[in-house]
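Any read-out appearing in this document is the output of simple, stated calculations on the displayed coordinates, not a laboratory observation. Bear in mind the structure is a predicted one, so any value in this text is a computation, not a measurement. Virtual Cβ from ideal backbone geometry, glycine too; neighbours counted across all protein chains shown.
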Amino acid sequence: MRVTYRVTVLSGSPGTVTVLYAESDTQTRELTVSVPWILELNALTGTTMLLVVANETENSLVGCEILVNGAVLDSERQQEGEDDVVCVIDIE
């Protein structure tokens with residue numbers, strides 16, 4: 001399955017955020033990235049895919065999405081007063 005992680009700007013100008021994402025059920029990776037950000041990778045059936053976005057820039061909000069084969073399976077928006085947003089799916 002082709003998995004796409006996507007981070008977008010909802011408001012303001014965050015510049016960079018910290019992302020923690022699952023490469024597989026047993027491997028995660030943490031990076032500081034510029035927004036917008038996209039990563040594509042392959043995943044196996046039975047894998048839990050996780051994307052955590054930490055945005056501590058005041059007056060800015062971000063969103064995350066996880067797509068599988070081009071279809072959005074989870075989409076979340078950072079809320080005011082929160083520092084992070086989480087998207088997670090199980091590939092079946």
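Details
- When Glu82, Glu23 are arranged by Cβ crowding within 10 Å, least crowded first, meaning fewest neighbours, the order is Glu82, Glu23.
- Modelled label positions at Arg2 and Glu40, each set 7 Å beyond Cα in the direction of Cβ, lie 0.5 nm from each other.
- Pairwise FRET efficiency - Ser13 versus Ile91, Cβ, R0 = 41 Å, nearest 0.05: 0.75
- FRET efficiency for Asn59 and Glu30, using Cβ-Cβ distance with R0 set to 35 Å, rounded to 0.05: 0.90
- Reciprocal of mean inverse Cα separation for the chain (Kirkwood radius, Å): 13.1 Å
- Table column - 3J(HN,Hα) (Hz), region 67-72, Karplus curve with 6.51, -1.76, 1.60, x for Gly and Pro: 10, 10, 6, x, 9, 6
- A cut-off of 5 Å between modelled amide H atoms, ignoring neighbours fewer than 5 places along the same chain, links Leu73 with Ile66, Leu67, Val68.
- Residue (of Ser60, Val17, Pro36) at the positive-pole extreme of region 2-90, dipole from beta-carbon charges: Pro36
- Rounded to the nearest Hz, the phi-derived 3J(HN,Hα) couplings of region 47-58 under the Karplus curve 6.51 cos²θ - 1.76 cosθ + 1.60 (θ = phi - 60°) are 9, 8, 9, 10, 9, 10, 10, 9, 10, 9, 6, 5, where x marks glycine and proline.
- Coupling constants for region 3-9 follow from the phi torsions by the Karplus curve (6.51 cos²θ - 1.76 cosθ + 1.60, θ = phi - 60°), and in residue order they are 10, 10, 9, 9, 10, 10, 8 Hz; glycine and proline get x.
- Ordered by the count of other Cβ atoms within 10 Å of each Cβ, fewest first, Val35, Val52, Val17 give Val52, Val35, Val17.
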